[in-house]
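Colleague: One structure, as structure tokens, below. Some questions next.
The values are calculated or read from the model by the stated rules, or taken from the named source; none is laboratory data. Fair warning: this is a prediction, and the values are worked out from it, not measured in the lab. All Cβ positions, glycine included, derive from the backbone under ideal geometry; neighbour counts span all protein chains shown. Keep in mind that these areas ignore ligands, DNA and RNA; they rest on the heavy atoms of the full protein, side chains included. Shrake-Rupley method; radii C 1.70, N 1.55, O 1.52, S 1.80 Å.
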Amino acid sequence: MAGCAKPIRHTDVSADAQVVADRMTTGAVMQMASARLTQPIPNRILQPGHLEGRTLTVATTADIVLRPGEVILTFDDGPRAGKTPAILDALDQYGVKATFLMLGSAAKANPALARQVAQHGHTVGSHTYNHVDLGKLSRQAALDEIARGEAAVAEALGNEDLSPFFRFPYLSQTGYLRTTLLQGDMVVLDVDIDSKDYYSDSVAVVTARTLDRLEARGSGIILFHDIHQRTVDMLPGFLAELEERGYSVVRLVPKSSGIFGRSVITAELGGQ
């Protein structure tokens, strides 16, 4: 399982012209979601201090608008024994909350650990069941994979704490899939700053790369993975540096808790 945001090359050519038209690389799809990057960012006046920031309640992806100096911490692909608990300890140490986009297969294998993440006050979303490239699947198969992942995470959590937040594995998506999820009241989490913690780099390199990209941008959603030891090792120092530089960590919460009371994406939608 490589990093979630690792670039992918699509070399397959479908005979279905509509599918070909649908399929877009991450960069093409993300232009719409990250149009705000072209807007000028006000000069930041940051003061070292408490790292805990505001809580942002969102109903749609468009609601995720950060102020200068604000970051959202996200962790993909877990939960994983021996890694996720240490991530939770570091976050607790600094009093900040993150969003964990769990694989259905991982949550099913570690249900007690999945519940532990929620019990620590973090937001839990889904990330498909098996971390497959949805852009290479048929529409029906992709929706099945998304629905299966969401159901498995919900079951692991006891059907209580699953949020509608979702991230595409590898950030690989199509216009059809993104639109379908948004119409189903799911909140697609994009990435502004990729730590690339899935590369075999040292803690110092991962930390410096992430901070450099954050400093260049001024705010954003940061992608980590709670399955790598290097992420466990670098997180305390990274959080300390964020605090020293005056950043604040925003907690994401859904406007409506749980998967009930909203239009859940199901396999049947693929045939409509």
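Colleague: Does segment 124-139 contain any residue that is closer than 24 Å to L239 by Cβ and not in a loop (DSSP other than H, G, I, E, B)? Walk me through how you get there before you give the answer.
Modeller: So in segment 124-139, the residues closer than 24 Å to L239 by Cβ come out as 124-125, 127.
Next, only the ones that are not in a loop (DSSP other than H, G, I, E, B) stay: 124-125.
Yes, segment 124-139 contains a residue that is closer than 24 Å to L239 by Cβ and not in a loop (DSSP other than H, G, I, E, B).
Colleague: Which members of segment 119-140 meet the condition of being in contact (Cβ under 8 Å) with a residue 60 or more places away in the chain, under 23 Å from L73 (Cα atoms) and polar (S, T, N, Q)?
Modeller: Correct list: T123 only.
Colleague: Return yes when L162 is within 27 Å of K83 (Cβ to Cβ), open to solvent by less than 10 Å² (accessible area, probe 1.4 Å) and modelled with pLDDT under 95 and no when it is not.
Modeller: Values: within 27 Å of K83 (Cβ to Cβ): yes; open to solvent by less than 10 Å² (accessible area, probe 1.4 Å): yes; modelled with pLDDT under 95: yes.
Spelling it out, L162 is indeed within 27 Å of K83 (Cβ to Cβ), open to solvent by less than 10 Å² (accessible area, probe 1.4 Å) and modelled with pLDDT under 95.
Colleague: Name the single residue, out of those in segment 134-159 being among the acidic types (D, E) and in contact with a Ser or Thr (Cβ under 7 Å, 6 or more places away or on another chain), that is most open to solvent (accessible area, probe 1.4 Å).
Modeller: E145
Colleague: How about segment 214-250: which of its residues are more than 22 Å from V117 (Cβ to Cβ), outside any helix (DSSP H, G or I) and open to solvent by 20 Å² or more (accessible area, probe 1.4 Å)?
Modeller: Answer for segment 214-250, where residues must be more than 22 Å from V117 (Cβ to Cβ), outside any helix (DSSP H, G or I) and open to solvent by 20 Å² or more (accessible area, probe 1.4 Å): just R245.
Colleague: Return the only residue of N130, N110 being in contact with a helix residue (DSSP H, G or I) (Cβ under 6 Å, 6 or more places away or on another chain), at pLDDT 95 or above and more than 11 Å from L157 (Cβ to Cβ). Before the answer, list the steps.
Modeller: Numbers: N110 fails: in contact with a helix residue (DSSP H, G or I) (Cβ under 6 Å, 6 or more places away or on another chain).
Exactly one of N130, N110 is in contact with a helix residue (DSSP H, G or I) (Cβ under 6 Å, 6 or more places away or on another chain), at pLDDT 95 or above and more than 11 Å from L157 (Cβ to Cβ), namely N130.
Colleague: Quick check on segment 111-118. Is at least one of its residues of a type in the set (A, V, I, L, M, F, W, C), without any contact (Cβ under 8 Å) to a residue 12 or more places away in the chain and part of a helix (DSSP H, G or I)? Spell out how you get there, then give the answer.
Modeller: Keep residues of segment 111-118 that are of a type in the set (A, V, I, L, M, F, W, C), which gives 112-114, 117-118.
Those still in the list that are without any contact (Cβ under 8 Å) to a residue 12 or more places away in the chain too: 112.
Then drop every residue that is not part of a helix (DSSP H, G or I), which leaves 112.
For segment 111-118, residues of a type in the set (A, V, I, L, M, F, W, C), without any contact (Cβ under 8 Å) to a residue 12 or more places away in the chain and part of a helix (DSSP H, G or I): present.
Colleague: Only one of V117, V65 is at pLDDT 95 or above and either open to solvent by 80 Å² or more (accessible area, probe 1.4 Å) or touching a Lys or Arg at 6+ places or on another chain (Cβ under 7 Å) (or both); which?
Modeller: V65
Colleague: If a residue must be in contact (Cβ under 8 Å) with a residue 12 or more places away in the chain and under 26 Å from Y247 (Cβ atoms), how many such residues does segment 79-110 contain? Can you show your working first?
Modeller: Start the filter on segment 79-110 by keeping residues that are in contact (Cβ under 8 Å) with a residue 12 or more places away in the chain, which leaves 79-81, 83-88, 90-108, 110.
Within this subset, residues satisfying the condition of being under 26 Å from Y247 (Cβ atoms) are 79, 83-88, 90-102.
Qualifying residue count, segment 79-110: 20.
Colleague: Ok, one more. Pick out the one residue from L143, L177, L182, L211 that is at pLDDT below 95, of a type in the set (A, V, I, L, M, F, W, C), out of contact with any Pro (no Cβ under 6 Å at 6 or more places or on another chain) and in a helix (DSSP H, G or I). Step through it out loud before you land on a result.
Modeller: Values: L143 fails: at pLDDT below 95; L177 fails: at pLDDT below 95; L211 fails: at pLDDT below 95.
Among L143, L177, L182, L211, only L182 is at pLDDT below 95, of a type in the set (A, V, I, L, M, F, W, C), out of contact with any Pro (no Cβ under 6 Å at 6 or more places or on another chain) and in a helix (DSSP H, G or I).
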